[in-house]
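For reference, the structure discussed in these notes is given below.
The values are calculated or read from the model by the stated rules, or taken from the named source; none is laboratory data. None of the values given here were measured: they were computed from a predicted structure. Reconstructed Cβ throughout: ideal geometry from the backbone, glycine too, with neighbour counts over all protein chains shown. Side chains included, ligands, DNA and RNA excluded: accessible areas come from the protein's heavy atoms. Shrake-Rupley method; radii C 1.70, N 1.55, O 1.52, S 1.80 Å.
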Amino acid sequence: GQTTTVRAVFATQTITLAQGWNLIGLTVGKGSNYLAEDFIRDLNASFIPSPNRRGTPLVNKVTQIVKWDSSRGRYMTHPKGSSTNNFPIVPGEGYFVISTWHGNSTISGTKASLSSLTIPRGYSMISFPQLPSGVTTAEDLLQSIQSQGIKVTQISRWFSGSWRVYNIGGSGIDFPLETGKGYMIRNIGQEGNITVS
């Protein structure tokens, strides 16, 4: 028989962080054992402060990773150096990265790909390593998810320290979707899976 060798494609992701809360998602794969503490360590190790900012950045710029636990309807926080909520960091989920400084960090791994994504009932934070085919805006995504039988009604992005909400059908300001960014979506129906690629 024939043997097929699949080589993982090396990739890097540059994450731009503002001071405060940043909602991001991974475009690189780090494996199933990659945890919030590892993510903080990688972000801090590669952190380059933005120029034209006064003062000296602290040694550890990234202090916390926060995720939404849709099963419990609440946020889970992993503080740097703690064993509390040291959850896995995976492509397809959205995470808040809390930084004490403006700057950029670079994460390396394999090029992440996602064939499907589970959309739980209620709110969930999602991200895309690659955008689904034909999807470029918030409205496109909501229509695409609804066409797959899941009753999503809204998507929100984190922008300059607050949520900007867009409801299906045009209530709110439609916005372009970006890989590497996180979004909060609301599903008023049952949990389901969507095809991404």
Does region 160-197 hold any residues that are among the β-branched types (Val, Ile, Thr), exposed (fewer than 15 other Cβ atoms within 10 Å of the Cβ) and touching a helix residue (DSSP H, G or I) at 6+ places or on another chain (Cβ under 8 Å), and which are they? none
Residues (more than 20 Å from Phe159 (Cα to Cα) and among the hydroxyl-bearing types (Ser, Thr, Tyr)) located in region 5-26: Thr5, Thr12
Which members of region 152-193 meet the condition of being within 21 Å of Pro132 (Cα to Cα) and among the aliphatic types (A, V, I, L, M)? Val152, Ile155, Val165, Ile168, Ile173, Leu177, Met184, Ile185
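For Ile168, indicate whether it is farther than 23 Å from Ala18 by Cα and touching a residue at least 40 places away in the same chain (Cβ under 8 Å). Talk me through it step by step, then tell me what you get.
Values: farther than 23 Å from Ala18 by Cα: yes; touching a residue at least 40 places away in the same chain (Cβ under 8 Å): no.
Criteria not met by Ile168.
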So which pairs qualify, if the first residue must be in region 18-47 and touching a residue at least 24 places away in the same chain (Cβ under 8 Å) and buried (at least 20 other Cβ atoms within 10 Å of the Cβ), the second must be in a loop (DSSP other than H, G, I, E, B) and of a type in the set (D, E, K, R), the Cβ gap must be under 7 Å, and the two must be at least 6 apart or on different chains? Ile40/Lys80; Phe47/Lys61
Hey, Pro91 hits all of (1) without any contact (Cβ under 8 Å) to a residue 60 or more places away in the chain; (2) assigned to a loop (DSSP other than H, G, I, E, B); (3) within 23 Å of Met76 (Cα to Cα) but one; which does it fall short on? (1)
Might you let me know whether region 54-61 holds any residue that is out of contact with any Pro (no Cβ under 9 Å at 6 or more places or on another chain), surrounded by 15 or more Cβ atoms within 10 Å (Cβ to Cβ) and at pLDDT 95 or above? no
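Going through Arg74, Arg157 one at a time, which residue ends up being among the basic types (Lys, Arg), surrounded by 17 or more Cβ atoms within 10 Å (Cβ to Cβ) and over 16 Å from Asn187 (Cβ atoms)?
Working: Arg74 fails: surrounded by 17 or more Cβ atoms within 10 Å (Cβ to Cβ).
Checking each option against the conditions leaves just Arg157.
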Criterion: among the hydrophobic types (A, V, I, L, M, F, W, C) and open to solvent by 20 Å² or more (accessible area, probe 1.4 Å) - qualifying residue of Leu141, Leu131, Leu117: Leu131
